[in-house]
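See structure below.
The values are calculated or read from the model by the stated rules, or taken from the named source; none is laboratory data. Note that the coordinates shown come from a computational prediction; the quantities given were computed from them, not determined experimentally. Using ideal geometry, Cβ is built from the backbone for each residue, glycine included, and neighbour counts are taken over all protein chains shown. Please note that ligands, DNA and RNA were not included when accessible areas were found on the heavy atoms of the full protein model with its side chains. Shrake-Rupley method; radii C 1.70, N 1.55, O 1.52, S 1.80 Å.
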Number of protein chains: 2
Amino acid sequence: MNGRLKSVFGGRIVLDKREDILQAALELFAERGYYGTAVSLIAEKARVGSGTIYRYFQDKEQLVNELYRYWKTEVANAVKVEYAENMPLRTLFHETWKRWVDFAMNNREAYSFLVAHHHGPYLDKVSMEINEKIHGEYLAFFEVGRQAQVIKDINPELIMAIVTGIFSEMMREYWAGHLQLTPEIIEQAEEACWHAIRR
Amino acid sequence: MNGRLKSVFGGRIVLDKREDILQAALELFAERGYYGTAVSLIAEKARVGSGTIYRYFQDKEQLVNELYRYWKTEVANAVKVEYAENMPLRTLFHETWKRWVDFAMNNREAYSFLVAHHHGPYLDKVSMEINEKIHGEYLAFFEVGRQAQVIKDINPELIMAIVTGIFSEMMREYWAGHLQLTPEIIEQAEEACWHAIRR
DNA sequence: AATTTCGGACTGAACGTTCATTCCGTATGA
DNA sequence: TCATACGGAATGAACGTTCAGTCCGAAATT
């Protein structure tokens, strides 16, 4: 996914144009949005002919969906914490928060892309199923916390909205240049978020 | 703004097509987005010829900006609380939260429109200045709370991100059909939000 | 009162542009 | 020689915008 990957084809080493296209599309979609990005622009940035894109992707819609699924899965894996026996939920939350911030700051384009396309009408059934699957996993986590009487006894969907709302708005303000994100401030945000959901 | 307003012209009562156009555009932009809405579609919904739109608005961009400014100001006025002497900040927050929810639920299209277009590249200088002005007023409120040691001693921009993040994500989940918004749940969300920002 | 003229709101076909997608000639390696 | 990869001009649909003409109430004229 870094545009310089190679693949072996018939014993020959070849630049993988498919990766170039995906990387160029990621950056352009994140910056300009789906409708604001012409296919010819993606081709130019990836240094391929526009026809070449259609050798690798059925159409523009399949391209954006492939990107979406890939990065959605990536971020889900990135925030996953290997669960240790008896780990307090507060600690689990802290670890997850940390990973989430790390991912967003180290993969700005991917994170921006995901946020901007999360509700796009061009997302297909498969992408939406992935969304719901991951959403469900997080819900289950909050349900556990509720049962353990650590988290407020309210609808887990609301808990979820609180956490994702705080996080995404924080990142948005950061990228808009209105808010610095020092380790101290990141911790303050985490603390505030926890205060919102803890019992 | 309800598409049935009338204006008097030369002693004669006439349907105000300008209002029809604004209302049609509001609904379509909210539902389909700016790029997803063809001008001809707005014309059809407003029952006017597409040329008529250009009698009232310079172009599509001016139309979306006019809508944005109007509703941004409307919501700002709608949530404003007449401040009574010695009113606790917690009460002020409660009143504001209530008004905000009321506005969003009673003006779904307008609220969705504002959220969806808040960062659109077609917003002009005037619209962005209105944004910053209103943003600044809210920041000042949180600054007062901080000085009074009622609200956490952290960057007001972060406080702001927390409150708007929770609210907008809550409304999103509501309109997606994932979350009911009973008075009880609305209060739980308000309470959680306050927990996040109180000292 | 009846008829004509006038102004401008209004329409929608037409225009030029942009875009996603296709097509085909060329290049490359087997 | 053949098959495949590739580039980019060509294609046609869709879009925002324009403009020549239509329509209609009001004013002017008879």
Q. Once B and A are treated as a pair rather than alone, how much accessible area drops out, both sides summed, in Å² to 100, probe 1.4 Å?
A. 2300
Q: From largest accessible area down, sort B:E44, A:E143; use a 1.4 Å probe on the protein chains.
A: B:E44, A:E143
(Q) Skipping prolines and chain starts, which residues have an amide H placed within reach, meaning under 5 Å, of the one on B:I151, given they are 5 or more residues away or on another chain? (A) B:R146, B:R199
Q) Dividing the alpha-carbon radius of gyration of the protein assembly as shown by 2.2 N^0.38 Å (N being the number of residues), what value is obtained? A) 1.10
Q. Remind me, relative contact order of region A:62-197 in percent, using alpha carbon pairs under 8 angstrom and six or more residues apart?
A. 23
Q) Taking all protein chains as present, what is the carbon and sulfur share of the accessible area of region B:75-188, in % to the nearest whole number, probe 1.4 Å? A) 54
Q: List, largest first, the extents of the alpha carbons of region A:40-90 along their principal axes, each in whole Å.
A: 55, 19, 14
Q.
Using a label point 7 Å beyond Cα on the Cα-Cβ vector, give me the inter-copy distances for A:Q180 in nanometres, one decimal, shortest first.
A. 4.7
Q: Could you order A:S40, A:S168 so the one with the most accessible surface comes first? Probe is 1.4 Å.
A: A:S40, A:S168
Q) So what is the accessible area of region B:62-197 per residue, in Å², with the probe set to 1.4 Å? A) 48
Q: State, to one decimal in nm and shortest first, how far the label point of A:G51 sits from each corresponding label point in the other identical copies (label point: 7 angstrom along Cα-to-Cβ).
A: 4.2
Q) To the nearest Å, what is the center-to-center distance of region B:105-153 and region A:110-155, using C-alpha atoms only? A) 26
Q | GNM top mover of A:G33, A:G177, A:G136 - chain A, alpha-carbon springs below 10 Å | A | A:G177
**Q.** Chain-alone versus full-assembly comparison, region B:184-199, residues with accessible loss of at least 30 Å² (1.4 Å probe)
**A.** B:Q188, B:A192, B:H195, B:A196
Q: Under a 10 Å cutoff between Cα atoms, tell me which one of B:F113, B:F141, B:F29 has the largest fluctuation in the Gaussian network model of chain B.
A: B:F141
Q | Set A:K72/B:K45; B:K80/B:K125; A:K45/A:K80; A:K80/A:K152 screened for pairs whose C-alpha atoms are more than 30 Å apart | A | A:K72/B:K45; A:K45/A:K80
**Q.** For chain A, calculated [θ]222 nm from helices alone, where every DSSP H run of n ≥ 4 adds -39500 (n - 2.57)
**A.** -22500 deg cm²/dmol
(Q) Using a 7 Å offset from Cα along the direction of the beta-carbon, what are the separations from B:K133 to the same position in each other copy, nm, ascending? (A) 5.0
Q) Residues of region A:86-121 with accessible area at least 30 Å² lower in the all-protein-chain context than alone (1.4 Å probe)? A) A:H119
Q) Compactness ratio of chain A: Cα Rg over 2.2 N^0.38 Å, N = residue count? A) 1.17
